[in-house]
Ligand SMILES: [Zn+2]
């Protein structure tokens, strides 16, 4: 059994313990000739992976602790060391937590309690999932939330931070527990550890938390998405919230710089660019129409089969051009858009109902490795081949 020092000393980052047992793990890529060893201590400050929260990191006797798992009352640390002799049973070990990461977890975890507590009080919603990793902090709540409700929730949660109320953890007697209304994700065997945020929330939880809500600094809801009939909220608190806001501030500065508009008008600047792109697209399409029309006029009216090769063009222009050719020529009428280097997208139609466009399409598939197909009246596809090769194939159709 391992004494959980993190239960009672959430603010300690260094501890001494004795090795109870150690066991080599299957070789993994430890690097620098180090091997992974699973070490059980008589006591530990390392919080294991539990309740959706990744384990603490740090060192034992200077060797990196890469994983911490709990099973029953036993906590096992994975340590990258030179061999079993480093942690023979009875050895004294000094553990050092990666304190910055641990404190950040305490900030984020306590922030999540405040949000979940408020959601429960205000809407009766339950927390049905939680993840705290290096990449993401998110939790799932059992009901729907509008954008305005989420913004209000964020304001209310930060008001709890501003009030700087105490956060306490204790194992109440069973009769006291029985008379206490608290949140819990599951039925718990054995003693229940209750974490109380004064006036806000009481929740069963085994993780370390900050002592007063002011230490959280900032609770930021970054994103919400519907999830299994409820809502998944992506949040960040404390230092990680600050880092994320700085990153987004940099994005805003870049947009402001690139568009030469004040940061406060970034949305207007982007809207303006999008409408300008739409206008330009319309102009390009117009030019493509005119250009295509000129191409048609240059085709000898007596030609039976007509195959035009052109650069990139809009899909609607492409189809209209084929339709137009089919009205004026009795044979196969195809338009190939692209280049010899990039290949061609093609549409082939027919000027006479006795023809079957699947015939030239089949020839292109067979001899040029083209892809595509369609109906007797029209086929479309693509061919990664040069114009002269494609023309040679079509000449025989
Ligand atoms: Zn907690």
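Please tell me if residue 272 is surrounded by 15 or more Cβ atoms within 10 Å (Cβ to Cβ) and at pLDDT 95 or above. For residue 272, the condition - surrounded by 15 or more Cβ atoms within 10 Å (Cβ to Cβ) and at pLDDT 95 or above - is not met. Keeping to region 193-232, report how many residues are part of a loop (DSSP other than H, G, I, E, B), within 16 Å of the ligand (Cβ to nearest atom) and surrounded by 18 or more Cβ atoms within 10 Å (Cβ to Cβ). Total meeting the criteria: 7. Annotation note: of 183, 102, the sole residue that is modelled with pLDDT under 95, buried (at least 19 other Cβ atoms within 10 Å of the Cβ) and within 26 Å of residue 49 (Cβ to Cβ) is 183. Taking (1) in a helix (DSSP H, G or I); (2) surrounded by 15 or more Cβ atoms within 10 Å (Cβ to Cβ); (3) not assigned by TED's automatic domain parsing to the domain that holds residue 113 in turn, residue 240 satisfies each apart from (3). The listed residues are 173, 134, 181, and the only one of them that is under 18 Å from residue 7 (Cα atoms) and away from the ligand (no atom under 16 Å from the Cβ) turns out to be 173.
Within region 124-131, is there a residue that is surrounded by fewer than 23 Cβ atoms within 10 Å (Cβ to Cβ), more than 25 Å from the chain's Cα centre (by Cα) and either assigned by TED's automatic domain parsing to the domain that holds residue 227 or away from the ligand (no atom under 16 Å from the Cβ) (or both)? Yes.
Of all residues in region 33-53, those that are outside any strand (DSSP E or B) and modelled with pLDDT of 95 or more total 6. Only one entry of 112, 148 meets the criterion of being surrounded by fewer than 14 Cβ atoms within 10 Å (Cβ to Cβ), under 24 Å from the mean Cα position of the chain (by Cα) and either without any contact (Cβ under 8 Å) to a residue 12 or more places away in the chain or within 12 Å of the ligand (Cβ to nearest atom) (or both), and that entry is 148.
The values are calculated or read from the model by the stated rules, or taken from the named source; none is laboratory data. These numbers were taken from a predicted model, which means no experiment stands behind them. Heads up, the Cβs are rebuilt from the backbone with ideal geometry, glycines too, and the neighbour counts pull from every protein chain shown.
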